[in-house]
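Colleague: Input: one structure, supplied below.
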Ligand code: 7TS
């Protein structure tokens, strides 16, 4: 079990509140708050060891390089990547997926090829593939959601064909909390020879991910959704694939030799890290990973699962609430609507009690279309959330609904 009292002491942000009420923060799928350990690490980096990486021979530059590369090692361990050179630092999941779309797919695909995604994707794992399809002449197909809002995995041969060259899938849905059977789908994708991309933005913060076990070709995630700073994310790629690819962006850092007419490329991962990277942010993410590992990811997952079950049980007792996707294999994220109340109005009322929930389409407009709504209210949990906070949310929701009725 997590020691929540002790964890909450690490998050001064939660104490601030609006003067009357402490903050109840239920928008963790958007971004998480940062523990004091990460804040201190960033502060210490800028105060004591700020320098650019991979350049100077002076002490500070070497220290900064060491901290930056050490963060890479921590992240490789965290997702069980076999080699550190598989870990590319990016700005986040969005940039990681774009890297694969631009530097792999747009170089490889041609008319007749197929890109396969799902109807559950965040726009970050949809729009880059639409653009890629347009540019290459490949066609974009998707695995649809069934009436239970699960991926229809019954007749996979309908979606995977010998022309499927790339299969990109969301690991855990940011609007439904659904955990997809990615391992099974990756196995299937391999039978048709497709390259596989997993959007792990919502899975890595909640559960122990093992990229070797998944055996995906690429895996993307964001630091800021797992206690780390903004501006830093990860693309994991199998080394042989990364080696075979052309660079994504170009300039300093990513080169080996440069003449006035041509250049050769640095080794991976640096071939994909053009320019000065987000150094302090990477170091901060390394600290966040240490924090999560100290808690133990299984314990983190259990805590989030327990909060989800508790919330799902209790939300049913509120009149007029419709919860989307209550079936199995979902955790951490609950989307719902209340009859007769626009989710934005609900969120504004809750905000007066310093309760932060997300409303909108959650960058998943196709899912909203499937649900037949333009927006939902969404609560999403993390390590510092408690059942008391859930009780408070539902108490406030009930009084808000009384106001409307
Ligand atoms: N993929 C998934 C599944 C996500 O949930 C998000 C962000 C992204 C990709 C993009 O991540 P970024 O760090 O590059 O922006 N999801 C959300 C959300 O649910 N609310 O705000 C951002």
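The values are calculated or read from the model by the stated rules, or taken from the named source; none is laboratory data. As the structure is a computational prediction, the values presented were derived from the model and not from experiment. In this analysis, Cβ positions are derived from the backbone assuming ideal geometry, glycine residues included, and neighbour counts consider all displayed protein chains.
Colleague: Residues to consider are 293, 316; find the one that is at pLDDT below 95 and over 30 Å from residue 251 (Cα atoms). Full working, then the answer.
Modeller: Details: 293 fails: at pLDDT below 95.
Result: 316 is the single residue among 293, 316 that is at pLDDT below 95 and over 30 Å from residue 251 (Cα atoms).
Colleague: Surrounded by 18 or more Cβ atoms within 10 Å (Cβ to Cβ), within 20 Å of the chain's Cα centre (by Cα), in contact (Cβ under 8 Å) with a residue 60 or more places away in the chain and within 16 Å of the ligand (Cβ to nearest atom) - does that describe any residue in the stretch 290-298?
Modeller: no
Colleague: While we're here: Checking the conditions here, which among 398, 369 is assigned to a helix (DSSP H, G or I) and within 25 Å of residue 128 (Cα to Cα)?
Modeller: On the way: 398 fails: within 25 Å of residue 128 (Cα to Cα).
Criteria check complete, one pass: 369.
Colleague: Another question, then. Within the stretch 244-278, can you find the residues that are within 16 Å of residue 83 (Cα to Cα) and loosely packed, with under 14 Cβ neighbours inside 10 Å?
Modeller: Residue satisfying the conditions is 267 alone.
Colleague: Can residue 65 be described as within 16 Å of the ligand (Cβ to nearest atom) and assigned to a helix (DSSP H, G or I)? Outline the logic, then answer.
Modeller: Working: within 16 Å of the ligand (Cβ to nearest atom): no; assigned to a helix (DSSP H, G or I): yes.
No; evaluated as a whole, the condition is false for this residue.
Colleague: Quick test for you: out of 86, 96, pick the one residue that is buried (at least 21 other Cβ atoms within 10 Å of the Cβ) and in contact with a helix residue (DSSP H, G or I) (Cβ under 6 Å, 6 or more places away or on another chain).
Modeller: On the way: 96 fails: in contact with a helix residue (DSSP H, G or I) (Cβ under 6 Å, 6 or more places away or on another chain).
Of the residues listed, the single one that is buried (at least 21 other Cβ atoms within 10 Å of the Cβ) and in contact with a helix residue (DSSP H, G or I) (Cβ under 6 Å, 6 or more places away or on another chain) is 86.
Colleague: Among the numbered criteria (1) in a strand (DSSP E or B); (2) within 29 Å of residue 36 (Cβ to Cβ), which one does residue 304 miss?
Modeller: Every condition holds for residue 304 apart from (1).
Colleague: Examine the stretch 235-243 for a residue that is closer than 30 Å to residue 311 by Cα and surrounded by fewer than 24 Cβ atoms within 10 Å (Cβ to Cβ), and state whether such a residue exists.
Modeller: Looking for residues that are closer than 30 Å to residue 311 by Cα and surrounded by fewer than 24 Cβ atoms within 10 Å (Cβ to Cβ), one finds none in the stretch 235-243, hence no.
Colleague: When the stretch 150-183 is examined, which residues are found to be under 30 Å from residue 312 (Cβ atoms), away from the ligand (no atom under 16 Å from the Cβ) and not in a loop (DSSP other than H, G, I, E, B)?
Modeller: 156, 183
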